[in-house]
Amino acid sequence: MEADSVYNQWSLENDTDYGEYNVVEPCSYASNRSLEQVLGPYVHSIISILGFLGNGLVIVTYACYKRTKSMMGIFLVNVAIADLLFVVALPLIVYNEMSSWSMGQVACKLLRGTYSVNLYSGMLLLACISTDRYIAIVQARRSFRLRSLFYSRIICTIVWVSAILLSVPTFYFYHWYEPSHTRQIFMIHEENVSFTPHYVCELKFSDNDTAWRTKVAVPSTQMAVGFFLPLLIMIFCYTAVIITLLRAKNFQRHKAVRVVLAVVAVFIICHLPYNITLLYDTVEMFDLHPCEVSDAMLMAKTVIQTIAYLHCCLNPVLYAFMGVKFRNHFRRIVQDLCYLRCFSRASSKINTSNCRVVYQISDTNSSLNV
């Protein structure tokens with residue numbers, strides 16, 4: 001959900017029936033609100049649940065087996081952490097935006113800031129993964145020196161610090177407040193009419209110059225650092241990777257090419273439409289449009305943004321579960337759990353020995369596939 005002001009179109013007109021001025025109410029955006037009533041509680045909830053399970057499994061798998069802590073593993077764990085924090089914050093943001101924001105100022109800044117940090121860190125880490133694949137495959141001779149745990153931890157630290165610094169405007173300018181157009185009391189023929197206060201968590205500025213600069217700088221930085229930079233790095237690295245793999249006369253290599261193409265295709269499909277919409281919205285931000293046009297634009301943006309959210313569910317599948325070693329380690333966890341369950345339910349020595357035999361056979365088969 002973006003911080004666009006929903007009520008940004010209003011005017012004052014002369015009217016003899018209501019004194020000197022007739023206050024024309026803001027655009028209601030009824031179609032977009034109806035769409036959000038479906039996407040918010042249902043689609044976004046499904047995305048959050050799938051993203052939580054998928055990324056949680058990635059973190060658990062790497063945490064249980066220290067031997068998987070390669071440079072690639074470190075990057076995958078950090079991507080999973082970023083996506084996990086995102087899917088935890090998403091339902092809270094959606095819940096508060098569907099009604100009056102009820103969680104106060106601290107939650108407003110924390111949730112919006114966390115959303116921004118996870119956006120930048122997740123995208124930059126995907127660029128790091130593509131660079132790691134480039135070094136491992138294209139620059140294989142130098143990969144042992146460059147792909148160390150020490151370097152991976154330094155890179156991840158730089159990524160998270162950069163994401164926090166890039167999110168400072170979000171932490172600073174987002175506020176919990178009641179917009180002036182939703183004040184409880186309107187004077188109509190000298191009568192007071194009370195309304196339930198409606199609070200929002202949106203960007204708020206002290207002057208127009210700051211508002212103009214920030215509303216242009218924030219989405220521009222998000223597009224440049226959060227999309228175009230990772231996209232260019234991925235295109236360069238994976239193009240070199242594909243060329244190198246195609247030179248190898250090996251079935252597994254060609255299978256790896258399909259995985260690389262899937263990674264790039266999913267990234268573009270999920271994020272390119274949203275960033276094009278964000279670019280258009282930034283250019284047209286200060287232009288007035290009829291309510292019907294603005295409502296249609298918001299609906300398109302809501303749908304495209306939901307598609308972008310899907311990427312946090314697909315990351316575990318694309319980057320982790322497609323890897324042979326990760327699948328083997330994940331299978332090992334399942335086998336361990338099955339063994340413990342079987343052992344706990346064993347009521348005799350025969351049953352216990354059967355459990356151990358099954359576990360040892362499965363473990364041997366798994367080890368052969370690594």
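Please work out which residue is modelled with the highest pLDDT, limiting yourself to the range 54-68 and to residues that are surrounded by fewer than 17 Cβ atoms within 10 Å (Cβ to Cβ) and more than 24 Å from the chain's Cα centre (by Cα). Only one residue tops the list, namely CYS64. Looking at the range 32-67 only, could you name the residues that are among the hydroxyl-bearing types (Ser, Thr, Tyr) and touching a Pro at 6+ places or on another chain (Cβ under 6 Å)? SER48, the sole residue that qualifies.
Residue count for the range 300-324 under the criterion of being free of Cβ contacts under 8 Å to residues at least 40 places away in the same chain and surrounded by 18 or more Cβ atoms within 10 Å (Cβ to Cβ): the result is 2.
In summary, PHE267 fulfils each of the numbered conditions (1) farther than 22 Å from ILE135 by Cβ; (2) modelled with pLDDT of 80 or more with the single exception of condition (1).
Okay, residues lined up against (1) within 17 Å of PRO41 (Cβ to Cβ); (2) assigned to a helix (DSSP H, G or I):
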residue	(1), (2)
VAL87	yes, yes
SER100	yes, no
GLN105	no, yes
THR114	no, yes
VAL117	no, yes
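So that you can scan it fast, the table gives a plain yes or no per residue for (1) closer than 30 Å to CYS64 by Cβ; (2) touching a helix residue (DSSP H, G or I) at 6+ places or on another chain (Cβ under 7 Å); (3) at pLDDT 85 or above; (4) not assigned by TED's automatic domain parsing to the domain that holds ASN78:
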{"position": "VAL303", "(1), (2), (3), (4)": "no, no, yes, no"}
{"position": "ILE307", "(1), (2), (3), (4)": "no, yes, yes, no"}
{"position": "ILE333", "(1), (2), (3), (4)": "yes, yes, no, yes"}
{"position": "TYR339", "(1), (2), (3), (4)": "yes, yes, no, yes"}
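Close Cβ contacts (under 9 Å, 6 or more residues apart or on different chains) running from residues in the range 260-277 that are without any contact (Cβ under 8 Å) to a residue 60 or more places away in the chain and outside the structural domain of LEU318 (by TED's automatic domain parsing) to residues that are part of a helix (DSSP H, G or I) and crowded, with 19+ Cβ neighbours inside 10 Å are absent. Residues that are closer than 25 Å to SER220 by Cβ and free of Cβ contacts under 8 Å to residues at least 12 places away in the same chain within the range 81-128 comprise just one, LEU110.
Can you tell which of GLY73, GLY51 is in contact with a helix residue (DSSP H, G or I) (Cβ under 8 Å, 6 or more places away or on another chain), without any contact (Cβ under 8 Å) to a residue 60 or more places away in the chain and surrounded by 23 or more Cβ atoms within 10 Å (Cβ to Cβ)?
Values: GLY51 fails: without any contact (Cβ under 8 Å) to a residue 60 or more places away in the chain.
Only one candidate passes the filter, namely GLY73.
Residues of the range 255-263 include at least one that is more than 25 Å from the chain's Cα centre (by Cα) and either surrounded by 14 or more Cβ atoms within 10 Å (Cβ to Cβ) or not in a helix (DSSP H, G or I) (or both). Within the range 274-294, can you find the residues that are surrounded by fewer than 19 Cβ atoms within 10 Å (Cβ to Cβ) and either of a type in the set (Phe, Trp, Tyr) or under 15 Å from SER34 (Cβ atoms) (or both)? Correct list: TYR280, PHE286, CYS291, GLU292. Of the candidates PHE75, PHE86, the single residue that is under 13 Å from the mean Cα position of the chain (by Cα) and aromatic (Phe, Trp, Tyr) is PHE86.
The values are calculated or read from the model by the stated rules, or taken from the named source; none is laboratory data. Computed from a prediction, not measured in an experiment: that's the story for all the values here. All Cβ positions, glycine included, derive from the backbone under ideal geometry; neighbour counts span all protein chains shown.
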